[in-house]
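J.: Once you've had a glance at the structure underneath, I'll fire off some questions.
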Amino acid sequence: MAFNLITKIWQTGSLEWWGMIDGADIYLGCREFPQPPEEGDEWIVKSTGDMFRIVAGEIVKTGHREVSPEPWEV
């Protein structure tokens with residue numbers, strides 16, 4: 001994929017986005033992942049609560065938010 005990112009990213013057959021961040025495979029989301037990813041984009045992965053941002057061409061993890069269960073899961 002030619003997105004002009006420094007971070008190596010890939011999409012699986014189940015349309016999930018992953019990236020190599022600090023030497024580890026990190027789940028970047030499915031529909032949350034920005035298309036196309038551009039400088040300054042931010043998103044929260046709904047299933048994990050991980051928060052990401054694109055800074056200087058790299059995807060960086062900026063934090064974590066508690067994941068609240070969906071109403072039908074309570």
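Readers should treat all values here as calculations from the given coordinates under stated rules, not as data from a laboratory. For clarity, every value in this text was computed on a predicted model and none was experimentally measured. Cβ coordinates were reconstructed from backbone atoms using ideal geometry, including for glycine residues, and neighbour counts include every protein chain displayed.
J.: Using alpha-carbon pairs under 8 Å, 6+ residues apart, how would you state the relative contact order of the chain in percent?
T.: RCO, the chain: 22 percent.
J.: With +1 on the Cβ of every Lys and Arg and -1 on the Cβ of every Asp and Glu, and nothing else charged, how large is the dipole of the chain about its Cα centre, in debye rounded to the nearest 20?
T.: It comes to approximately 80 debye.
J.: Roughly what would the spin-label model give for Leu15 and Glu38, points 7 Å off Cα along C-beta, in nm?
T.: Computed distance between label sites Leu15 and Glu38 equals 2.2 nm.
J.: Give the residue list of chymotrypsin sites (Phe, Trp or Tyr not before Pro) in segment 1-61 that are DSSP loop and have at most 16 other beta-carbon atoms within 10 angstrom.
T.: Phe3
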